[in-house]
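The structure appears below as structure tokens.
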Amino acid sequence: MDTLFELFLVAPPGLEPQLRQEVQALGYKAAKQVPGGVTIEGGWPDVWRLNLLCRGATRVLARIGEFRAFHLAQLDKRSRKFPWAEVLRPDVSIRVEVTCKKSKIYHAGAAKQRIEKAIAETLGAEVSDKGQVQIKARIDDNLVTFSVDTSGETLHKRGHKAAVGKAPMRETLAALFLRAAGFDGCEPVLDPMCGSGTFVIEAAEQALGLSAGRARSFAFQDLVSFDENQWSRIKAEVLAPVDNLSDLTFRGSDRNEGAVANSTANADRAGVAMLTEFTHAAVSDLQRPDGPPGLVIVNPPYGTRIGNKKLLFALHGALGEVLKERFSGWRVGIVTSDAALARATGLPFLQPGPPVPHGGLKVKLYQTAPLP
């Protein structure tokens with residue numbers, strides 16, 4: 001239980017700096033940013049805590065060992081000597097994923113067969129493509145690195161969003177975009193095209209200090225290292241009732257009545273209904289809420305999959321006019337794959353963020369300083 005190893009927290013490419021900031025804010029000051037995520041040194045209790053608390057990571061991988069292998073026979077022999085029983089349970093099914101890069105073992109399928117057979121015959125566990133726990137093997141420059149996926153389902157599945165729209169923003173992405181836009185839980189947030197309410201609900205959860213994974217289970221619960229008593233203590237520590245409720249309101253609106261109903265239901269399931277407000281309204285009817293300025297953040301349709309692109313230029317223009325006219329002092333963040341649509345708002349955007357994969361597209365966060 002006291003063993004330390006490398007943990008790799010997977011981030012959407014382009015948002016690694018925001019994930020590093022979050023992990024450091026959780027107390028891991030030595031967190032390092034690497035392509036595709038963040039690494040730290042930790043033990044099993046850190047695995048459990050990060051899965052429960054981290055809002056931006058896609059999944060948490062525990063790197064459990066490595067060795068050199070220059071051909072399949074060597075991979076087979078060393079995989080059979082690997083201490084699988086220290087991590088995996090023989091009564092829990094396993095699945096294996098292999099990637100090969102710059103190595104003499106270049107056939108991922110053949111390598112996968114060798115590793116699967118080694119696990120099945122030395123551990124006695126069932127191995128299949130539908131196994132409960134996943135082992136990821138990376139063969140890079142002839143170095144075989146084994147990691148176990150401690151999350152299971154990707155961490156954007158918080159366990160309380162049942163209703164989604166046509167092109168939902170993943171919760172993990174929303175959390176990182178909110179961080180990139182400077183949100184710290186202490187200002188109101190408004191999304192005028194709220195869809196299933198992801199930005200609004202994520203912001204409200206952060207304001208209340210709610211843990212991201214409080215309503216779901218994780219793959220680490222099926223590993224040898226799992227300790228139910230210690231896990232219960234960690235949960236009790238971080239899931240304690242919130243004493244000081246936020247006095248902010250997080251708002252969403254949408255011209256689609258179904259989206260408003262979905263958002264309202266999702267907020268209720270997430271336990272943030274008391275802080276959120278969803279209304280049926282067109283962009284042109286958007287009004288500045290009472291209270292301090294905050295952040296308007298929106299993931300509008302891009303025209304690639306949803307909507308007529310010519311109409312979208314008019315929609316973005318209308319959004320920009322309303323924000324410039326009524327939202328002095330508020331910052332604006334727009335997530336889009338189309339720079340021309342961002343420009344159509346007429347808003348004074350700063351340099352856009354890096355491209356981030358989302359739904360088969362590359363999107364960027366365009367944001368402003370507080371509007372004049």
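The values are calculated or read from the model by the stated rules, or taken from the named source; none is laboratory data. Keep in mind that this is a model prediction, so the values were computed, not measured. Here the Cβ is made from the backbone with ideal geometry for all residues, glycine too, and neighbour counts use every protein chain on show. In case anyone asks, the SASA skips ligands and DNA or RNA and just uses the protein heavy atoms, side chains included. Shrake-Rupley method; radii C 1.70, N 1.55, O 1.52, S 1.80 Å.
Assorted remarks:
- Förster-model FRET efficiency, 22 Å R0, Arg288 and Glu153, C-beta, rounded to 0.05: 0.05
- Overall form of segment 1-159: prolate. Here a/c, set by the Cα gyration tensor axes a ≥ b ≥ c, is 1.5 or more, and a/b is the larger of a/b and b/c.
- Charge dipole (the chain, unit charges on Cβ, about Cα centre) - positive-most of Ala219, Pro355, Phe327: Pro355
- Zone residues, segment 83-119, relative to Glu6, backbone N less than 13 Å from point 7 Å out along Cα-to-Cβ: none
- Label reach from Lys104 (point 7 Å along Cα→C-beta): in segment 57-74, amide nitrogens under 14 Å belong to 68-74.
- For segment 66-152, a simple Cβ point-charge model (Lys and Arg +1, Asp and Glu -1, everything else neutral) yields a dipole of about 360 debye relative to the Cα centre.
- Part-to-part distance (alpha-carbon centres) for segment 130-191 and segment 85-126, which is given in Å: 24 Å
- Dipole axis of the chain (+1 Lys, Arg; -1 Asp, Glu on Cβ), positive-most option in Ser128, Gly56, Phe183: Ser128
- Environment charge of Phe278, counting only residues whose C-beta is closer than 13 Å and scoring Lys/Arg +1, Asp/Glu -1: -3
- Taken as Cα centroids, segment 15-72 and segment 348-371 sit 25 Å apart, rounded to the nearest whole angstrom.
- Among 42-50, 61-69, the order from most to least packed when residues are scored by Cβ within 10 Å on average: 42-50, 61-69
- The modelled label-to-label distance for the pair Lys117/Arg80, using points 7 Å beyond Cα in the direction of Cβ, is 0.9 nm.
- FRET efficiency for Val238 and Glu126, using Cβ-Cβ distance with R0 set to 35 Å, rounded to 0.05: 0.55
- Residues in the chain average 45 Å² of solvent-accessible surface per residue, probe 1.4 Å, ligands and nucleic acids excluded.
- Here segment 1-122 exposes an accessible surface that is 51 percent carbon and sulfur, computed with a 1.4 Å probe and the other protein chains kept in place.
- For Glu22, neighbours were defined as the other residues whose beta-carbon sits under 9 Å from its Cβ, and their charges (Lys and Arg +1, Asp and Glu -1) total +3.
- Computed about the Cα centre, the dipole magnitude for segment 39-102 is approximately 260 debye when only Lys and Arg (+1) and Asp and Glu (-1) carry charge, each at its Cβ.
- Furthest towards positive pole of dipole, Leu341, Cys194, Asn256, structure part the chain, Cβ charges: Leu341
- The charge dipole of the chain, taken about the Cα centre with unit charges on the Cβ atoms of Lys, Arg (+1) and Asp, Glu (-1), comes to about 1340 debye, rounded to the nearest 20.
- FRET efficiency for the pair Arg68 and Lys32, taken as 1/(1 + (r/R0)^6) with r the Cβ-Cβ distance and R0 = 30 Å, rounds to 0.80.
- Cα long-axis angle, helix 228-238 against the chain (0 to 90 degrees, to the nearest 10): 20 degrees
- Close amide H contacts of Ser253 (hydrogens built in the peptide plane, cut-off under 5 Å, sequence separation of 5 or more or a different chain): Asp191, Met193, Cys194, Thr279.
- Correct choice for Rg and Dmax of the Cα atoms in Å that was computed from the model, options (1) 32.1, 110; (2) 27.9, 106; (3) 22.8, 70: (3)
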